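Trainee: Quick one: the structure is below, questions incoming.
The values are calculated or read from the model by the stated rules, or taken from the named source; none is laboratory data. The model shown is predicted, which means the values in this text are computed figures rather than measured ones. A quick note on method: Cβ atoms are made from the backbone with ideal geometry, for glycine too, and the neighbour counts reach across all protein chains shown. Side chains included, ligands, DNA and RNA excluded: accessible areas come from the protein's heavy atoms. Shrake-Rupley method; radii C 1.70, N 1.55, O 1.52, S 1.80 Å.
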2 protein chains.
Amino acid sequence: MEAIEHDKRKCPTHLSTGECTKQLLPVKDALDILSGKWKLQIILSLTFGKKRFKQIQREIPGLTPKMLSKELKELEVNELASRHVYDTAPVTVEYELTAYGRTLRPLIDELHKWGSRHRKRIIAKSGRG
Amino acid sequence: MEAIEHDKRKCPTHLSTGECTKQLLPVKDALDILSGKWKLQIILSLTFGKKRFKQIQREIPGLTPKMLSKELKELEVNELASRHVYDTAPVTVEYELTAYGRTLRPLIDELHKWGSRHRKRIIAKSGRG
DNA sequence: GGTACCACTTTCCTAAAGGATATCGGTATA
DNA sequence: TATACCGATATCCTTTAGGAAAGTGGTACC
């Protein structure tokens, strides 16, 4: 149950930076995957099934083709989404979450869970003044 | 077990943006809390107990006082860390994770878990060429 | 008086993220 | 021939994140 083993996280008190950095790297990796203004929205959009470029763009207000293209490429590089080109006229391109992309689900759920509690807390505070 | 209820996430296919945004907001909130180059390292550092300003700075190589100050303020505003000033000379200031800050643990663990698998996957790929 | 320490703040700068707009090559349709 | 659609690129610009370096106010020590 201990994803990060406490007895290995000694860096702050013992200055063994290498060990600490090693523990931190995977967390940063995960964060990188989800950072970027549109990535989550795109992932979410793709959880409902295959989508075409323009279709995704239409569904996410404010998303420009440049950003969509960039973010989709990053998802592709990380093998979270796949790109399928069909030789139609005009060309059809479909994007889809990979099985690997769907493994993000528990992480996103955890983010959602914590975020929701946080939001409630903030609202409760501001309600009380 | 379903933190995000699927039947409520209809925005991409039905264009009901409001509902979708509502589901997305908490996830973004959580991500905001953890984004920033130093935040995780600072949180990690504080999981080992109270720390003074300079102490944290010394423990995290490359961290400037400006950034530390900024990040600590954000942690404070979000009530993840608390600041205690002692009237000594020179003044002593201690920072500590709040109980609320410690509730981030499962989320960070999940990030660590997914990130570790991701890292292994990347290394495996590059190993096979 | 000079220096040093703490906990910052201020100023200036660079780099990266992101946005607006225009354009491209190809095909279809009027 | 003109227009529109698809799936992007390219160019330019603004905004934000982050870093380097110096300074501040207070106290203590020599």
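Trainee: For chain B, set up a Gaussian network in which alpha carbons nearer than 10 Å are linked by springs, and say which option among B:Arg58, B:Arg83, B:Arg117 fluctuates the most.
Mentor: The residue that fluctuates most here is B:Arg117.
Trainee: Further question: Among A:Tyr100, B:Val91, A:Gly127, whose Cα projects farthest towards the positive end of the dipole of the protein assembly as shown, with charges put on the beta-carbon of Lys, Arg (+1) and Asp, Glu (-1)?
Mentor: B:Val91
Trainee: Follow-up. Determine the per residue accessible area of chain A with all protein chains present and a 1.4 angstrom probe, expressed in square angstrom. Provide the component values of the computation, followed by the final result.
Mentor: Working: 7090 Å² over 129 residues.
Per residue, chain A has an accessible area of 55 Å².
Trainee: While we're on this one: Based on the Cβ-Cβ distance from A:Asp87 to A:Lys120, what FRET efficiency comes out when R0 is 45 Å, to the nearest 0.05?
Mentor: Working: r = 50 Å, r/R0 = 1.12.
Computed FRET efficiency for A:Asp87 and A:Lys120 comes out at 0.35.
Trainee: Give a residue-ordered list of calculated ³J(HN,Hα) values for region A:88-99 (Karplus: 6.51 cos²θ - 1.76 cosθ + 1.60, θ = phi - 60°; whole Hz; x for Gly, Pro).
Mentor: 9, 9, x, 4, 10, 10, 10, 10, 8, 6, 7, 4
Trainee: Angle between the Cα long axis of helix A:17-34 and the longest principal axis of chain A, 0 to 90 degrees, nearest 10?
Mentor: 30 degrees
Trainee: Using a 10 Å cut-off on Cβ to Cβ distances, tally the other chain neighbours for every residue of B:42-52 and report the average as a whole number. Walk me through the numbers on the way to the answer.
Mentor: Working: counts 1, 0, 8, 5, 1, 4, 7, 2, 0, 2, 0.
Across B:42-52, the average partner-chain Cβ count within 10 Å equals 3.
Trainee: Still on this structure, I have one more. Beyond 31 Å between alpha-carbons counts as too far, so tell me which of B:Lys22/B:Lys125; A:Lys50/B:Lys70; A:Lys22/B:Lys51; B:Lys22/B:Lys50; A:Lys70/A:Lys120; A:Lys73/B:Lys70 fall in that bin. All intermediate terms of the calculation are to be shown ahead of the outcome.
Mentor: Details: B:Lys22/B:Lys125 37 Å; A:Lys50/B:Lys70 42 Å; A:Lys22/B:Lys51 22 Å; B:Lys22/B:Lys50 36 Å; A:Lys70/A:Lys120 34 Å; A:Lys73/B:Lys70 33 Å.
Violating the 31 Å Cα-Cα cut-off are B:Lys22/B:Lys125; A:Lys50/B:Lys70; B:Lys22/B:Lys50; A:Lys70/A:Lys120; A:Lys73/B:Lys70.
Trainee: Tell me, what HN-Hα J-couplings in whole Hz come from the Karplus equation 6.51 cos²θ - 1.76 cosθ + 1.60 at θ = phi - 60° for each residue of region B:118-127, using x for Gly and Pro?
Mentor: Each residue of region B:118-127 in turn: 4, 4, 4, 4, 4, 5, 4, 4, 5, x Hz.
Trainee: In debye to the nearest 20, how big a dipole does the protein assembly as shown give about its Cα centre with +1 on each Lys and Arg Cβ and -1 on each Asp and Glu Cβ? The partial results should precede the final answer.
Mentor: Values: 50 positive and 32 negative charges, 60 e Å.
For this selection, approximately 280 debye.
Trainee: Which value at 222 nm does the protein assembly as shown reach when only helices count, each DSSP H run of 4 or more adding -39,500 (n - 2.57), with the total divided by all residues and rounded to the nearest 500 deg cm²/dmol?
Mentor: Values: 14 runs with 156 residues, N = 258.
Roughly -18500 deg cm²/dmol at 222 nm, from the helical runs in the protein assembly as shown.
Trainee: From the P(r) of region B:33-129, can you give the percent of Cα pairs sitting at distances over 21 Å?
Mentor: 41 percent
Trainee: Could you run the numbers on buried accessible area between B and A, total for both chains, 1.4 angstrom probe, in Å² to the nearest 100? If you can, show how the numbers build up before the last one.
Mentor: Details: alone 9830 and 9830 Å², together 14160 Å².
Interface area, both chains combined: 5500 Å², rounded to the nearest 100.
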